[in-house]
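Working notes, beginning with the structure itself.
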Amino acid sequence: MDALQLVALVAASAAVAGLARRTPVPAPLLLVAVGLAAAYVPGVPDYTLDPHIVLPLILPPLLYTAAVDSSYLDLRANIRPVALLSVGYVLFATVAVGWLAYVLVPDLPLTAALVLGAVVAPPDAVAATAIARKLGLPNRITTILQGESLVNDATAITAYKVALAAAVGEGLSWAGGLGEFALAALGGIGVGLLLMVPIHWLRRGLGDSLLQNTLSLLIPFVAYAAAEEVHASGVLAVVVVGLFLGHRAWQVDFATRLQEEAVWKMVAFVLESAVFALIGLQLPYVVRELGPYGMGEATWYAVGVFVAVVVVRFVWVYPATFLPRLSARVREREPGVDWRAPLVVGWAGMRGVVSLAIAFSIPVATDGVEFPARNLVLFLTFTTVIGTLVVQGLTLPPLIRLLKLPGKDRYAETLAEAQAQSEASQAAEARLDALLADERNALPQPLADRLRTVLERRRNAVWERLGAVNEVTGETADDTYRRLSREMIDAEREVFVQLRDARRIDDEMMRTLLRRLDLEEAAAYREEAAD
């Protein structure tokens with residue numbers, strides 16, 4: 001892929017993802033569909049998915065952004081279901097789907113079938129969690145899906161390495177495979193634990209938001225490379241570091257947080273868009289490399305593997321949900337569930353780019369030993385990824401609406417936010433009184449009153465969202481306040497531009513003045529978006 005092709009891929013995928021925001025179709029599904037269609041448009045070059053780029057260069061930043069945005073406390077509270085899905089389910093799916101493929105496809109060796117099972121085992125929850133948030137699913141389901149996606153790639157990659165070693169005749173025993181799995185998992189966690197504190201200390205010590213965010217862009221690659229260098233799981237190292245830094249994000253300054261959030265949103269948007277477009281663009285290559293298998297014959301195998309992948313997930317999810325609840329201790333610690341929650345979790349098992357990247361990394365031959373049915377495994381992986389994204393991705397939103405799962409309690413959330421803000425404001429007011437009592441902090445009364453007014457505004461804003469609304473506009477008093485505030489900011493901004501154009505102030509001064517307004521508007525916008 002040359003530079004022009006790369007630019008064209010990023011630009012086109014970003015445009016399609018932007019278009020998806022104006023449609024009810026989730027962006028990953030539209031990107032895959034457009035990629036499938038574009039693959040056979042004359043003039044569109046071949047885009048081959050390179051596992052040496054996807055795994056070390058694309059996977060780490062996507063995992064890092066997901067880990068930083070995740071709640072360590074929520075994941076810890078749901079560690080049992082997350083572990084059962086991210087580790088237990090992936091290993092179960094590797095064996096179950098592999099064995100079913102071995103039974104379904106004539107002359108497919110069991111070792112090659114287990115490689116296929118490991119490749120298609122890990123769901124990619126990017127699309128599923130996006131749908132879950134958009135439709136307001138309970139926080140626990142969203143947390144479980146997101147937690148599963150953070151760890152299951154590490155489980156699948158390690159299981160794939162063990163199955164691949166057996167397939168090419170390296171004679172790896174079950175005990176050796178379990179030992180390699182344990183080494184990769186514990187090693188990855190260990191590397192993450194070793195790196196997270198020094199990296200956080202360095203971030204805080206740099207003292208410059210540009211340097212801190214430059215370091216932020218390097219963190220996932222450093223963690224991944226360091227773990228892989230010692231043959232540990234780079235995925236787990238990135239996740240551990242990301243969770244720790246996300247949990248401690250409040251300890252860096254506000255400028256770093258503002259810049260970091262914007263930078264990583266852009267990086268995630270570009271990478272996710274390009275990745276899902278690349279999935280669809282693989283169709284010509286996969287079909288061309290099918291080899292001795294006929295298209296009709298391979299399609300029947302693909303349908304069988306797709307059904308196996310879907311069914312096996314439900315075979316695991318329901319017992320894993322309800323069997324642990326036979327324990328009184330589990331029932332006391334975890335909220336009750338009915339049959340609807342595991343149905344959503346089971347149907348949200350869409351596969352993604354990690355499965356394709358692993359499949360493309362299967363060697364054609366190792367030490368002169370050809371990997372059996374490599375082309376068929378690649379085709380079955382591709383069809384499984386496409387099938388789950390299209391079938392499950394399109395039907396998940398109506399399924400969630402049909403089940404009528406209890407969504408978030410907006411009133412309770414707003415009440416909790418208001419109470420938290422009230423307690424924080426009381427502490428700030430006490431601090432302000434103590435500071436103003438010191439003659440070194442003496443302020444003219446108008447400025448002291450302004451500090452108290454700002455504090456009171458923050459304290460009352462959330463409570464006002466619980467109050468009555470304007471009968472004419474339907475807005476709360478807080479909504480009206482924010483709207484008028486932004487209108488005033490727009491008026492000020494126009495004057496600054498006019499003064500610059502009249503050469504009464506220079507561009508540098510205008511940018512300084514506009515930045516102050518931008519920060520005020522950003523604060524208003526963030527409050528409005530949180531509503």
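The table below gives the values:
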quantity	calculated
Nonlocal amide H pairs with residue 124, under 5 Å, H built at 1.01 Å	350, 351, 352
Residue 476 long-range amide H proximity, modeled H, under 5 Å	470
Size of electric dipole in region 306-438: Cβ of Lys, Arg +1 and of Asp, Glu -1, about Cα centre, debye, nearest 20	820 debye
Ranked by how many other beta carbons lie within 10 Å on average, peptides 485-491, 153-159 from highest	153-159, 485-491
Region 475-485 - phi-based ³J(HN,Hα) in whole Hz, Karplus 6.51/-1.76/1.60, Gly and Pro as x	8, 7, 4, 5, 4, 4, 4, 5, 5, 5, 4
Theoretical ellipticity at 222 nm over the chain - DSSP helices of four or more residues, -39500 (n - 2.57) apiece, nearest 500	-24500 deg cm²/dmol
Dipole of region 205-356, positive direction: furthest Cα of 322, 352, 293, with charges on the beta-carbon	322
Karplus-derived HN-Hα couplings along region 504-509 (A = 6.51, B = -1.76, C = 1.60, θ = phi - 60°), whole Hz, x at Gly and Pro	7, 9, 8, 5, 5, 5
Acute angle (nearest 10 degrees) that the helix 27-38 long axis makes with the longest principal axis of the chain, alpha-carbon atoms	50 degrees
Compactness of the chain as Cα Rg over 2.2 N^0.38 Å, two decimals	1.11
Region 257-294-region 87-120 distance, computed between alpha-carbon centres (Å)	25 Å
Region 1-156 shape via C-alpha gyration tensor axes, a/c threshold 1.5	oblate
Per residue solvent-accessible surface (Å²) - region 231-307, probe of 1.4 Å	43 Å²
The chain - charge dipole about Cα centre, Lys and Arg +1 at Cβ, Asp and Glu -1, debye rounded to 20	960 debye
Amide hydrogen neighbours beyond the local backbone of residue 371, cut-off 5 Å, H modeled	365, 366
The chain - percent of accessible surface contributed by carbon and sulfur, probe 1.4 Å	63 percent
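The values are calculated or read from the model by the stated rules, or taken from the named source; none is laboratory data. Bear in mind that the values here come from a model prediction, so they are computed numbers and not experimental data. Reconstructed Cβ throughout: ideal geometry from the backbone, glycine too, with neighbour counts over all protein chains shown. Ligands, DNA and RNA are stripped out before the accessible areas are found, and what is left, the full protein with its side chains, is counted by its heavy atoms. Shrake-Rupley method; radii C 1.70, N 1.55, O 1.52, S 1.80 Å.
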